[in-house]
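Student: Supplied in structure tokens, the structure appears directly below.
The values are calculated or read from the model by the stated rules, or taken from the named source; none is laboratory data. None of the values given here were measured: they were computed from a predicted structure. Virtual Cβ from ideal backbone geometry, glycine too; neighbours counted across all protein chains shown. Heavy atoms of the whole protein, side chains included, go into the accessibility calculation; ligands, DNA and RNA do not. Shrake-Rupley method; radii C 1.70, N 1.55, O 1.52, S 1.80 Å.
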Amino acid sequence: MTSASLGALHMKISAGGKDQEVYVVGSQGVKGRPRVLSFDNTSFAVSYGSREVLLPFSIQCHDFIMERYPGTDNASSYASEVTLVDPGKNVRKDQRIYMNHILNYNGYRFFNPPSTRMNWVPT
């Protein structure tokens with residue numbers, strides 16, 4: 001599969017002596033949509049795909065800067081001016097994220113890929 005591929009899981013769920021089969025569809029970077037299966041008084045929700053993670057801190061992006069090679073529309077560099085805010089640890093820190101200068105914080109790495117959005121990767 002590639003990062004743009006749509007995938008599916010074929011699942012057989014059993015409860016109380018009863019079986020149900022279901023296909024659950026998902027892909028990388030997209031939050032999975034739960035499928036709900038009911039067995040008498042019991043329900044199960046299953047999903048496949050990315051999951052949403054609530055972080056105890058935030059990053060506020062103030063500016064995205066893209067520099068171009070002179071005379072072309074080709075980007076030569078990308079950068080984001082951000083502020084890390086962690087009220088629980090009394091942290092407020094301004095930082096510039098750009099090529100080979102990643103923001104590492106609380107087990108997460110924030111970097112600027114060649115696009116107009118910032119990505120994060122848990123470590």
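Student: Among what's in segment 24-46 and is assigned to a loop (DSSP other than H, G, I, E, B) and open to solvent by 70 Å² or more (accessible area, probe 1.4 Å), pick the residue that is farthest from residue 97 (Cα to Cα).
Tutor: The extreme case among them is 40.
Student: Considering segment 47-74 alone, what residues qualify as being more than 25 Å from residue 9 (Cβ to Cβ), assigned to a loop (DSSP other than H, G, I, E, B) and of a type in the set (S, T, N, Q)?
Tutor: Within segment 47-74, 72, 74 qualify.
Student: Still on this structure, I have one more. For residue 46, indicate whether it is among the hydrophobic types (A, V, I, L, M, F, W, C), farther than 30 Å from residue 108 by Cβ and modelled with pLDDT of 90 or more.
Tutor: No: the conditions fail for residue 46.
Student: Quick check, is residue 49 open to solvent by less than 90 Å² (accessible area, probe 1.4 Å), out of contact with any strand residue (DSSP E or B) (no Cβ under 8 Å at 6 or more places or on another chain) and of a type in the set (Gly, Ala, Ser)?
Tutor: Judged against the criteria, residue 49 is not a match.
Student: If we scan segment 92-101, do we find a residue that is in a loop (DSSP other than H, G, I, E, B), open to solvent by less than 90 Å² (accessible area, probe 1.4 Å) and at pLDDT below 90?
Tutor: Among the residues of segment 92-101, not one is in a loop (DSSP other than H, G, I, E, B), open to solvent by less than 90 Å² (accessible area, probe 1.4 Å) and at pLDDT below 90, which makes the answer no.
Student: Take residue 9 and tell me if it is of a type outside the set (Phe, Trp, Tyr), under 30 Å from residue 108 (Cβ atoms), in contact with a Phe, Trp or Tyr (Cβ under 7 Å, 6 or more places away or on another chain) and open to solvent by 60 Å² or more (accessible area, probe 1.4 Å).
Tutor: yes
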